[in-house]
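For reference, the structure is listed below as structure tokens.
Laboratory data are not the source of any read-out in this text; all were calculated from the coordinates shown. Keep in mind the model is a prediction, meaning the values are calculated, not measured. Cβ placement follows ideal geometry from the backbone for every residue including glycine, while neighbour counts extend to all protein chains displayed.
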Amino acid sequence: MRALILVDLQYDFCPGGALAVARGDETIAVANRLMPHFSTVVATQDWHPAAHKSFAVNNPGTQVGDLIDLGGVRQVMWPAHCVQGSRGAELHHDLDRTKVTQVFQKGTDPQIDSYSGFFDNGHAKATGLGPWLNERWVKQLYILGLATDYCVKFTALDARQLGFDVWLVEDGCRAVDLKPGDGERAIAELKGAGVAIVDSGSIGA
Ligand code: VGL
Ligand code: ZN
């Protein structure tokens, strides 16, 4: 069985959002086009409490883009984003929600970030996505969303580590590119981890 994983297709990662990714909104149409080809579609949702420690504003003396040590894990300082209950945290309304089987929220623990849809950044706690997929006999994952160099990358790497076959739908992803080239480097790293890089046009029933 195969599944489609839609990573963080939320307003805050789209133009105008708090952590806007250039042309991030262009991923929505790709998701809508692909969903009918999958019987199982999972969306992840970045879902932070307002006091989340990945926000620069919650770490006095830091600025957006700084790196700090957070509980032994390297943490980029982000602008406040995807705060629980805010409009920015909502899945983009152009996304056809009727085709989403299940939503997995992450980043809810204020003390640790969670880029991956499977585990927090310290690999201490799981979201439940892995067992959920195993229960449905899913072995093959097609992944797209935001952002290539963070949540998409770590979701795909964890998926490989868990033994899934993984395809990255490249035209359905956009990068933060905090440093120019981060998106390209993420894709190279994923290739090295055994992730197949494909375009949505190559995916059929
Ligand atoms: C993300 C930074 C912080 C992402 C989430 O979805 O890629 N990036 N939180
Ligand atoms: Zn976040």
Placed amide H near Leu70: partners under 5 Å, 5+ positions off or other chain: Gln75
Glu26/Arg74 FRET efficiency (R0 41 Å; Cβ-Cβ; nearest 0.05): 0.85
Placed amide H near Asp120: partners under 5 Å, 5+ positions off or other chain: Lys125
Square roots of five times the Cα gyration tensor eigenvalues for the chain, Å: 25, 18, 17
Spatial extent of region 137-180: Rg and Dmax, with the Cα atoms as the point set, Å: 10.9, 39
Phi to ³J(HN,Hα) by Karplus 6.51 cos²θ - 1.76 cosθ + 1.60 over region 33-47, Hz, x for Gly, Pro: 6, 7, 3, x, 8, 10, 7, 10, 10, 10, 10, 9, 9, 5, 8
Rounded to whole Hz, the Karplus (6.51, -1.76, 1.60) HN-Hα couplings of region 88-97, x for glycine and proline: x, 7, 5, 5, 3, 5, 6, 6, 6, 5
The chain - mean residue ellipticity at 222 nm from DSSP helices (-39,500 (n - 2.57) per run, n ≥ 4, rounded to 500): -5000 deg cm²/dmol
Scattering profile of region 4-85 at q = 0.16, 0.25 Å⁻¹ [log10 I(q)/I(0), Debye over alpha-carbon scatterers]: -0.71, -1.17
Karplus 3J(HN,Hα) series, Hz, for region 116-127 with 6.51 cos²θ - 1.76 cosθ + 1.60 (x for Gly, Pro): 6, x, 9, 9, 6, 5, x, 6, 8, 10, 9, 7
Reference-scaled alpha-carbon Rg (2.2 N^0.38 Å with N residues) for region 101-205: 1.05
Neighbour cut-off at most 11 other Cβ (10 Å), DSSP loop, chymotrypsin sites (Phe, Trp or Tyr not before Pro), region 120-169: Trp137
Exposure proxy order (Cβ contacts within 10 Å, fewest to most) of Val103, Val138: Val103, Val138
Set of lysines near Lys53 by C-alpha distance (under 18 Å), chain-local residues within fewer than 8 positions excluded: Lys106, Lys125
Distance from region 1-78 to region 104-174 (C-alpha centre basis), Å: 12
Beta bridge orientation in the chain: antiparallel %, DSSP, nearest 5: 20
